[in-house]
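The values are calculated or read from the model by the stated rules, or taken from the named source; none is laboratory data. These figures come from a predicted structure and were not determined experimentally. Don't worry about glycine lacking a Cβ; one is built from the backbone with ideal geometry, like all the others, and counts go over all protein chains shown. Protein only, heavy atoms only, side chains kept; ligands, DNA and RNA dropped before computing areas. Shrake-Rupley method; radii C 1.70, N 1.55, O 1.52, S 1.80 Å.
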Amino acid sequence: MASTKTQSPAAQTPAAAETPRRPTHRLYRVNGEGTAAIWTPIGAAWPNKDGKGFNLNCDAVPLTGRIVLRLIEPRSETGAPA
């Protein structure tokens with residue numbers, strides 16, 4: 001009797017497992033308005049492969065304030081957001 005091995009989905013697509021995708025957007029909890037607003041990073045987002053939505057990874061879910069999704073932009077040489 002021959003044995004058959006079934007590969008897990010991760011084993012079938014080694015390229016996806018080897019190259020983790022970086023998030024393209026950051027999630028923030030924003031409390032307040034204008035220059036007095038406090039922005040707290042709470043997670044990250046990646047676009048779906050079909051480009052029609054996002055996968056969200058939340059480290060916290062706020063009970064107050066609002067959630068803002070912003071594109072991650074490269075930092076300048078001074079370390080401040082561009």
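Side notes on the structure shown:
- Subset of the stretch 40-58 that is under 14 Å from His25 (Cβ atoms) and assigned to a loop (DSSP other than H, G, I, E, B) - its residue that is least open to solvent (accessible area, probe 1.4 Å): Gly53
- Residues located in the stretch 52-82, provided they are among the small types (Gly, Ala, Ser) and at pLDDT 90 or above: Gly53, Ala60, Gly65
- Per-region count, the stretch 30-39, residues open to solvent by less than 50 Å² (accessible area, probe 1.4 Å) and either in contact with a helix residue (DSSP H, G or I) (Cβ under 9 Å, 6 or more places away or on another chain) or of a type in the set (Gly, Ala, Ser) (or both): 2
- Flag if Arg66 is open to solvent by 70 Å² or more (accessible area, probe 1.4 Å) and touching a residue at least 24 places away in the same chain (Cβ under 8 Å): yes
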